[in-house]
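Below is one structure; the comments refer to it alone.
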Amino acid sequence: MMRILTVIGARPQFIKASVVSRAIQTEEAIEEIIVHTGQHFDANMSDVFFNQLDIPRPHYQLDIHGGGHGSMTGRMLEKLEAVMLEEKPDRVLVYGDTNSTLAGALAGAKLRIPVAHVEAGLRSFNRNMPEEINRILTDQVSDLLFCPTSSAVGNLEQEGFRNRLARVVQVGDVMQDAALFFAEHARCPKEVSVPGEFILATLHRAENTDDAGRLSSLVNALNQVHKNIAPVILPLHPRTRAAIQELGLDIKIKTIDPVGYLEMLWLLAHCGLVMTDSGGLQKEAFFFGRACVTLRDQTEWVELVEIGANQLVGADAVAIFEAVKRHYGRNVEDNNSLYGGGDASVRIVETLIEEAQ
Ligand code: UDP
């Protein structure tokens, strides 16, 4: 029996882990121990995903959130080490690029427990993003690197991973598995009275919320788009809500509380365009045939920019307005199998079993 200790803590990790945990449950040879760090803790940022996506209840709830990055990561590291010493897993499994990812990987690596990283190799090449630091360091200490795309594999090759003992495998993107698996359960958010046409927006990257100039320009752009192109619906991340309030910005679009994943899938299926600074949303727009206008200066999902499905616009209000006007209502064809086609989670579990033999 192989024992895998999974560390999750933030919204996108619950969604990614849901499909891998589902695949693990079909294998008698694997026992999964789930640790929730507590990084995201609001009911609508955490519990809703466990309920909707049928994720097994975490065995450990560490309840760690808030504070600076160092403080949060350090507290997680300390508690995760204790859990790992207690549970003695054969492998640690981490997802994405949050502080929970880095703490899990580092705790495992220091105890010489092999670490597997789902969503390895992504790079924005912008070290001002906390996520970029987390990705680079997590990849460095991982033994098994599950890449979603060929560009992620290419990034690791550039960093010399070919010559190391670590194993790099391109498995596809677990977020495509999740979107395909749950699409038929999509449902309209209760705050949305079935609208006509609309644009779906999300906004929460620190580079946008923690920069007053960028945030006010983005709010201005959203207001202009809402008034002149199509109504904008924005499920508002708690960090963004706090930043908008603090700056006293006048946001005139339809903001709603963060929604569950099934509501998000409904919004994706019915919108005419996605505007976002989220990593996950850029691909989900593509899975649903929608164009995406990305409110950042770089993206890790470069293949979507290359095929014209996604346009990077940064925070400039004029550039954003022009891009939305150009892409609104456009259908994007997903005929490239860029993200593996929906079997990434199965391939991950197969590889974990293979490695244990
Ligand atoms: N998401 C959600 N409800 C929301 C906003 C986002 O379920 O109100 C989902 C979204 O569909 C995607 C994931 O959360 O699957 C993305 O997470 P987020 O944007 O927080 O993180 P990122 O992908 O940028 O790391």
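Values in this text are rule-based calculations from the coordinates and carry no lab data. Every value quoted in this text rests on a predicted model; they were computed, and no experiment measured them. For neighbour counting, all protein chains shown are included, and Cβ atoms are generated from backbone atoms with ideal geometry for every residue, glycine included.
Before moving on, here are some points about what is shown:
- Beta bridges assigned by DSSP with both partners in the chain are antiparallel in approximately 5 percent of cases.
- Within the range 107-178, trypsin sites (Lys or Arg not before Pro) in DSSP loop having at most 15 other beta-carbon neighbours inside 10 Å: 112, 127, 164
- For the chain, a Gaussian network of Cα nodes joined below 10 Å ranks 174, 313, 19 by mean-square fluctuation, and the top entry is 313.
- Here the relative contact order of the range 157-236, from alpha carbon pairs under 8 Å that lie six or more residues apart, stands at 31 percent.
- Whether the range 151-286 is rounded, prolate or oblate, judged on the alpha carbon gyration tensor where a/c under 1.5 counts as rounded: oblate
- Judged by the gyration tensor of its Cα atoms, with axes a ≥ b ≥ c, the range 42-194 is oblate; a/c meets the 1.5 cut and b/c is at least as large as a/b.
- Candidates 18, 71, 193, ranked by Gaussian network fluctuation over the chain, Cα under 10 Å, top entry: 193
- For the chain, built as a Gaussian network whose Cα springs stay under 10 Å, the top-fluctuating residue of 245, 140, 39: 245
- Loop chymotrypsin sites (Phe, Trp or Tyr not before Pro), the range 37-141, which have at most 13 other Cβ atoms in a 10 Å radius of their Cβ (DSSP): 125
- Coarse-grained scattering of the chain at q = 0.07, 0.08, 0.11 Å⁻¹, given as base-10 log I(q)/I(0) from a Debye sum over alpha-carbon atoms: -0.28, -0.37, -0.71
- Cut-off of 10 Å, at most 12 other beta carbons, DSSP loop: longest stretch of the chain lacking such GluC sites (Glu not before Pro): 29-332
- Overall form of the range 225-272 per C-alpha gyration tensor (a/c, 1.5; a/b vs b/c): oblate
- Spin-label model distance (nm) - residue 86 vs residue 61, 7 Å beyond Cα toward Cβ: 1.5
- Set 16/254; 16/88; 16/79; 88/283; 283/325 screened for pairs whose C-alpha atoms are more than 32 Å apart: 88/283
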